[in-house]
Each structure stands twice: as C-alpha cells, then as structure tokens.
Amino acid sequence: MMLQYPDYLKIFISLLAIVNPWGAVPIFISLIGEVGKAERQRIINRVAAAVGLILLASLIFGEPMLQFFGISIHSFKVGGGILLLLIAISMLNARVSPIVQTRAEADESRDKESIAVVPLAIPLLAGPGAISTVIIDAHKATGIAHYAIIGGEIVALSLILWLVLRLSPLITQRISATGINVFTRIMGLILAAIAIEFMASGLKGLFPALA
C-alpha cells in the first residue's frame, strides 16, 4: 500500500523543514573556521553522507526498534509531535533548540578535530526530530515502493544539503543573517503545523473516541 503523491511531497517538505540546510549555514561556517578548500569539501561530503545514512537507517530499523521496546506508533507520534513542536518554537525564535544541541555540546564541538559527523550531521541536522519524522512517516504505508520513495527523498535531501553547504560562502556573502533567520522562521512555522498533525493523529489512535 502506498500513499498519494501529494503525501510524499508533504513528507519531503517536512524533512526539508526540520533539517533546514539553509539555517545550518551560519553554524557550519562558525564550526569549520579557517580551513582549506579541499578540507572544507571533505567535511561537506562527510556531513551529507552521514545525514543520509542516519536517516536511511532510521527508515529501515526505526519501526523494528519501536516493536522491540514495545512502543506503539500512536504513542511515538504524540511524543515525536511534542519534540517537533519544541524544535519548531526554537526555529520561530531563530535559534538552535537545546533539544538539538546544548550549549555544553556546542562548546565541546569547537575542540574536535572532526566535526562532520558530530555535531554537524548528528545532532544538528539529522537529530531527534528528523529521526522521529522518518520513523513516523515510514509507518504511514507499507511495501517496498513506499520505503523506496522515502529513501529517494532522503537521498535528495542529502544532495540539497551538500549543495547548500558547498555554496555556504556565497550564501553568507549574498544573504544576511536576517534573511536566513526569516527563512528559518518560515520552516519553523511549517514544522509546527506538522507537529500538531502528528500529535492529533497519535491521540486519535490512543483514544478512538476522539476520531
């Protein structure tokens, strides 16, 4: 069983909103500091690959993990929705949510030699919110085609992330911090609406009388 194509477009937009490659540009620039062009490209390649692999692993192993711990998808939708809403509220304030990265983690990351996987890929980009979104969306239908489409969207998202980070010097020159914050707030508003839908769907599953 598959979803309708508008539903898959909605899934892609939700992932794009929560990963928010454009909003990650200032953080990426501040973390990598002054590095050569070749080293910058290696970091970008690792970040994009790590984000794709983390989300693909969530797609494949997310639901079996819930079954292993005895967690119903409806409970996970409510919990995931609350998590996304908290992240969305931080995005509406144009700041990184403590759920994604605490101040101590941010300070520690400056001392790491390799920042591509931690903290850039996880938890900044493919964090708890993105992982929860993939698991919940994977449960909406069944079949190889359904998983293949979501997998393709994750690959497309990774390519967009790679391109945005590749163009990060140009973006910071052409777009002000205010412009990036405005886009982050728009993504936060979209993410808040998606979070409410997740919670509403989960509550209906837990309490059928609400349907």
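The values are calculated or read from the model by the stated rules, or taken from the named source; none is laboratory data. The shown structure was predicted, so the numbers you read here are calculated from the model rather than taken from an experiment. FYI the Cβ positions are ideal-geometry reconstructions off the backbone, even for glycines, and counts take in every protein chain you see.
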I'd like the full set of residues that are among the hydroxyl-bearing types (Ser, Thr, Tyr) and at pLDDT below 65, limited to the range 83-113. SER97, THR102, SER109
Out of ILE18, ILE29, report the one residue that is farther than 15 Å from ALA116 by Cα and either surrounded by 15 or more Cβ atoms within 10 Å (Cβ to Cβ) or within 20 Å of the chain's Cα centre (by Cα) (or both). ILE18
Looking only at helices (runs of 4 or more DSSP H) that fall completely inside the range 1-100, which ones have 2 or more residues that are touching a residue at least 40 places away in the same chain (Cβ under 8 Å) and among the hydroxyl-bearing types (Ser, Thr, Tyr)? 5-19, 73-92
Have a look at ILE131, ILE150 and point out the one that is part of a helix (DSSP H, G or I) and touching an Asp or Glu at 6+ places or on another chain (Cβ under 7 Å). ILE150
Reported set for the range 47-59 where residues are over 15 Å from ALA156 (Cα atoms) and either within 12 Å of the chain's Cα centre (by Cα) or modelled with pLDDT under 95 (or both) is SER58
So which residues in the range 120-140 are charged (D, E, K, R) and at pLDDT 95 or above, if there are any at all? ASP137
Taking the range 136-145 as the region of interest, how many residues are surrounded by fewer than 20 Cβ atoms within 10 Å (Cβ to Cβ) and touching a helix residue (DSSP H, G or I) at 6+ places or on another chain (Cβ under 8 Å)? 2
For the range 151-185, give me the residue count where each residue is surrounded by fewer than 14 Cβ atoms within 10 Å (Cβ to Cβ) and within 17 Å of ILE89 (Cα to Cα). 1
Complete set of residues in the range 186-202 that are buried (at least 16 other Cβ atoms within 10 Å of the Cβ) and aliphatic (A, V, I, L, M): MET187, ILE190, LEU191, ALA192, ILE194, ALA195, MET199
Going through the range 131-158 in order, the residues found to be more than 22 Å from TYR5 (Cβ to Cβ) and touching a residue at least 60 places away in the same chain (Cβ under 8 Å) are ILE131
Only one of PRO128, PRO208 is out of contact with any Pro (no Cβ under 8 Å at 6 or more places or on another chain), of a type outside the set (Phe, Trp, Tyr) and either within 15 Å of PHE12 (Cα to Cα) or surrounded by 14 or more Cβ atoms within 10 Å (Cβ to Cβ) (or both); which? PRO128
Scan the range 184-193 and give yes if some residue there is closer than 15 Å to TRP22 by Cβ and hydroxyl-bearing (Ser, Thr, Tyr), otherwise no. yes
Quick one: is GLY80 within 18 Å of ILE194 (Cβ to Cβ) and at pLDDT below 95? yes
Kindly provide the set of residues from the range 1-45 that are at pLDDT 90 or above, of a type in the set (Lys, Arg) and more than 21 Å from GLY129 (Cβ to Cβ), ordered by number. ARG40, ARG42
